[in-house]
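Student: Quick one: structure below, then a few questions.
The values are calculated or read from the model by the stated rules, or taken from the named source; none is laboratory data. None of the values given here were measured: they were computed from a predicted structure. Note that each Cβ is placed from the backbone with ideal geometry, even for glycine, and that neighbours are counted across all protein chains shown.
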Amino acid sequence: MSSPSPFVEEVPEGIPTTLDWVVMSADMATIHAAQRYRCIVDLWDDAIRAANRDEGASVLVERSVRLEVASALRITEHAAGRLMGIGRALVYRYPRVWEAMSRARITDTHATILVDGLDELEIVRDELVSEVLERAEQMPTGPFRRTVKRIVDREREATITERHATAVAHRHVRVDAGVDGMAWLTAHLPAVEAHAIHGRLTAIAKTLDAPGDERSLDQKRADVFGDLLIDGETGSLPDTARGIRPTVAVTVPAFTLLTGDGPAAQVEGVGPIPLDRARELCGAASGWMRVLTHPETGVVLSVGREQYRPPADLRRLVAWRAARCMAPGCGIPADRCDLDHTIDWHHGGETAANNLAPLCRGHHTLKHHTDWRVKAKSGGALEWTSPAGRVYLVHPERRIPHFTTDPPGPPPF
Ligand SMILES: [Zn+2]
């Protein structure tokens, strides 16, 4: 059976519990899935060898095998084609990944994310496979997917400016018919604008909380979207909903900004953007939260027991550090989360960076009303202990850079 990955800190000893059986059967399913990939590739290879008559046969062989697999497994040909593609990639291009899967060190989903991500690159170095595989063995699928995206973006960074320019040229808006009198309005936009639009819709929608208004946030966002585009103004909305401008966090390493060289600028949750675009955003008056990886001094890291509500810059800092809900595997962005005092305020917890973490509403409720226990660890990490006694360590997306005149020691936050 697989050994626990570093995301799982501790598994209690003793007689297997029902949860242990869940884990073991999931591991067996993964091992069988690895074998299924291998067999599908073998089947395909046999068919290629048997038909080794002319070049053009290979496409037909592939189709024939695809139908064979789809019929035998009672799945769609599309799904069968996916299995064949992922299988071939694992067996021939990433054999170490197949190996890890066949030992249940990673799941089928991890393997699929890895293949899809790395296949976007023209050249995949061996060290890159090792780096991604190591993450796959440690992370839940949600954070792993984001990490792979970031690594792939980093690898493609060199050409981001040209690729972005080409992509921007393909921007468009279109309407597709839906059913039941509905339709899809899709806009393909530069990521910064798309997020700014979504951010503004969300911010305005959240102000619409008149008594008796039972619309969901999604419905309100859609209504505001229509109002703004059709009438071009927010006059029909309450005063509180006017003049809202979204915040899109752009992380620009200070060094890159100064020299034009170094790690690329990133839009939170989106990926790298061209440096001149980032410069433009950082020069803009307001509405853009600038997070320089070299922090501006004077940020309040703690107000102790002085006040329950964290000051704005502390909130921003804690949200920036975590980027997302700090529950295991959760992907809800920090700006849609509650800021939770890890040790309750009522139990003497301080309003400080080392006692605050964003939790989405669901996980916030879970923390307070179930037997899950949460402890703050160094570097902004949270240690979650499940009711079954399993311990998981959730790391924030980033660390707060720590500057001090004190003698070196472990960072306090
Ligand atoms: Zn959550």
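Student: For the list (1) hydroxyl-bearing (Ser, Thr, Tyr); (2) under 25 Å from residue 337 (Cβ atoms); (3) surrounded by fewer than 11 Cβ atoms within 10 Å (Cβ to Cβ), I need the number of the one condition that residue 166 fails.
Tutor: Exception for residue 166: condition (2).
Student: Pull out all pairs, ordered by first then second residue, where Cβ-Cβ is under 6 Å, the residues are six or more apart or on different chains, the first lies in the stretch 223-240 and is modelled with pLDDT of 75 or more, and the second is part of a helix (DSSP H, G or I) and β-branched (Val, Ile, Thr).
Tutor: 224/204
Student: Can you say whether residue 337 is out of contact with any Phe, Trp or Tyr (no Cβ under 8 Å at 6 or more places or on another chain), within 16 Å of the ligand (Cβ to nearest atom) and at pLDDT 90 or above, as far as the supplied structure shows?
Tutor: Here the answer is yes, as residue 337 does meet what is asked.
Quick grid of which residues meet (1) over 30 Å from residue 43 (Cβ atoms); (2) acidic (Asp, Glu):
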{"site": "90", "(1), (2)": "no, no"}
{"site": "105", "(1), (2)": "no, no"}
{"site": "119", "(1), (2)": "no, yes"}
{"site": "126", "(1), (2)": "no, yes"}
{"site": "129", "(1), (2)": "no, no"}
{"site": "136", "(1), (2)": "no, no"}
{"site": "147", "(1), (2)": "yes, no"}
{"site": "153", "(1), (2)": "yes, yes"}
{"site": "163", "(1), (2)": "yes, no"}
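Student: Residues that are at pLDDT below 95, surrounded by 12 or more Cβ atoms within 10 Å (Cβ to Cβ) and in the same structural domain as residue 129 (by TED's automatic domain parsing): which helices (runs of 4 or more DSSP H) entirely in the stretch 1-113 hold 1 or more of them?
Tutor: Per the criteria, 18-50, 57-73, 77-88.
Student: What are the pairs with Cβ atoms under 9 angstrom where one residue, in the stretch 315-333, is in contact (Cβ under 8 Å) with a residue 40 or more places away in the chain and closer than 18 Å to residue 355 by Cβ and the other, located anywhere, is polar (S, T, N, Q) and away from the ligand (no atom under 15 Å from the Cβ)? Sequence gap at least six, or different chains.
Tutor: 320/251
Student: Please go through (1) within 16 Å of the ligand (Cβ to nearest atom); (2) at pLDDT 70 or above; (3) of a type outside the set (D, E, K, R) for residue 311 and return the number of the only condition it doesn't satisfy.
Tutor: Residue 311 satisfies all of (1) within 16 Å of the ligand (Cβ to nearest atom); (2) at pLDDT 70 or above; (3) of a type outside the set (D, E, K, R) except (1).
Student: So, in the stretch 346-375, exactly how many residues are exposed (fewer than 12 other Cβ atoms within 10 Å of the Cβ) and either in contact (Cβ under 8 Å) with a residue 40 or more places away in the chain or more than 16 Å from the ligand (Cβ to nearest atom) (or both)?
Tutor: Qualifying residue count, the stretch 346-375: 4.
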